[in-house]
Every structure is written in C-alpha cells, then in structure tokens.
Amino acid sequence: MKIILACILGAFCLSFIFVLVELPLLRKLKAGQYILGYVKEHKSKNGTPTMGGLAFVAAIVIVGLIVSGTGNGRANLTLAITAGFTLVGFLDDFLKIYRKENEGLSPMQKIFFQAAIAAVAAVYCYVNGITYVNIPFTKLSLDIEWGIIPLVAFIFVATVNCVNLTDGLDGLAGGTSCACLFILGLMLSFLGSDLNGLCFVAVGAVAAFLVFNTNRASVFMGDTGSLALGGLISSLFVFSGNSLYIPFVGIMFVVSGITVIIQVIYYKRTRKRVFLMAPVHHHFQMKGYSESKIAFAYFTITLLAGTILLLFM
C-alpha cells in the first residue's frame, strides 16, 4: 500500500510542477487549440493552450523508470511506446498550431504511425512469449501463439483512437483514464504483475493534470496526451496478458468508438443521425448536460464497471 501511495504522490507532484512550468510557456508560444466550428458550445475555448499532455507524460516516464527500474523489459517498452505515441500526437498538434486550423496529420498518416508502433508491440509479444490472453470472469488463459500479432495490432490502433475520441470535453479523457488505470493497477496487484506500479504512477500524473484540465480547462492535453494515454493503456493490458479486459475496464472508451461507428454507418445509409452528434458525449452536451456532469458520469461508470470486474477475480 505504501508503494502504491508513493507512486501516486510522486507522479502527482512532478506532473503538477511540470504543468505549472509548461502552461506559461505554451501561452508564450501561442500554442492554442483551434476549435472546430460545428461545436458551438466550444467557441469560447478557442486559443486555450494545448499539448499539455507533455507534462504528465514526462512525469510518467521519469517516475516510471524510478519505480520499475531499467531492467524491466515490459515496463521499459511500455514507456517507450507511450513516448512514441506522444511524439505522433505532438506532431499532429504542432501541425494544427502551425497551420492555424484544426487539421493536423491526415487520417492515413495517423493510422500509419499508429500501426507502425503497434507492430513493434505485437512482434515483441510474439518473440518474448507473451502470447496468452486471460479470459475475463474465469481463471483460464488461452495461448493463441502467432494470433497474438494481429490481435495486439488491432487492440493498439482501436484503443488509441477510442481514447482520442473520448478527449472531447474538459476532464473527460483524463478522468476516465484515471479510473481505468486505477482499476487496472488493482487488478495487476492481485495478479502479481510487475506492471502495476506504472498504473498508479500514471494515475498520479494524470490526476495532477486534471487540476488544470477540468471545466473550464486552462490547458488541453491535445493529441499529444490522448494518444499517449491510449498507448500506455494498451501496453499495460497487452503486456500483462489482459487484452480481453479492455472492453470492461475501458468501457467508456469503447462507447466513444462504437457511437462514432454507428453514427457514420447509419448516416451513410439513411442520411439521418442516431445521435445529435458523435461521439455520444457531444450528444449529451447538446441535450443540455454540463461538461462536468458528463465527465463525472464517465469516471463513475468506469469505476463501477471495474469494481464489478474485480469482484469476480
């Protein structure tokens, strides 16, 4: 318990300091977010500093290395993958700022970079014998051998994009990630995994960022932060053999992704919409719910779903 608290507190303090240093620098560099015109409720947020994810990612990497040490291959690769997705997100955010519009990397460019990083993770799993997956709500594990390669690649690309889609309201992706990582940390502690420390490190680092990111946000994490969180979450689930638990612990990320898919498919076929706007958190916002209420609901549902899961372990 003391180690868990130390991980959370250490990462929180370092991340908090990094945000305090980063925020005036982002303002000085005029690294502001360009808001999409069709999100009317967000017009007042135009120009809010973005790329704030750099602060909590830096804290996660530094404290993570201290906690896990340099000899833990899975932990080191997890941090490297997190940094890799951070770089992709940073490039996307930088291009948006440079072009002064809300378009950075093209969808194909994003998928290419994401798939490349996912391929590294997939090959690592196969070469190092991480080819098993734990079956939810059972004590069983299944070795899928070479099948781990396409599964891991799919999980990374899907999860990273779902977390990215959830980053649409103040504190939404950060709060949901905190809940998801906290539950995963407890789960890995029960299972005796050496990756549990990174979960709690991430909880502390992201929680510090939320001090500045909850409504009304002083800084956005940007794709820099959301892609990093997606990569981190994917790595922790995959490298611990718990890939199939993502739909349960990351239930609200899945909801974001599925509602977008439903909206796109239905609109193409009928020219009508299922939701007022997708992902569904924008639907609720257009229904009149506040950003804070929606963010709290996502956080709570994630914790409840994770708690139920833990009861069956």
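Here are the numbers for this structure:
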| item | result |
| --- | --- |
| Sites excluded, GluC sites (Glu not before Pro) in DSSP loops with at most 12 other C-beta within 10 Å, longest stretch of the chain | 104-313 |
| Mean separation of Cα contacts under 8 Å (6+ apart) over length of the stretch 129-193, as relative contact order % | 16 percent |
| Mean-position separation - Cα centroids, the stretch 143-216 and the stretch 80-100, in angstrom | 19 Å |
| Cα centre as origin, Lys/Arg/Asp/Glu Cβ charges: the chain dipole, Debye | 1020 debye |
| 12 Å Cα-Cα reach of Lys96 towards aspartates and glutamates, excluding residues that sit fewer than 8 places from it in its own chain | Asp223 |
| Span-rule helices in the chain, defined as complete DSSP H runs reaching 27 Å or more along the axis (Cα) with Kyte mean at least 1.0 | 2-28, 107-127, 172-191, 251-270, 291-311 |
| Lysines with Cα under 24 Å of Lys272, excluding same-chain neighbours fewer than 8 positions away | Lys40, Lys287 |
| Mean Cα-pair separation over length for the stretch 206-300, i.e. relative contact order, pairs under 8 Å, 6 or more apart, % | 18 percent |
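Every read-out reported here was derived from the displayed coordinates using simple, explicitly stated rules and does not represent laboratory data. These numbers were taken from a predicted model, which means no experiment stands behind them. For neighbour counting, all protein chains shown are included, and Cβ atoms are generated from backbone atoms with ideal geometry for every residue, glycine included.
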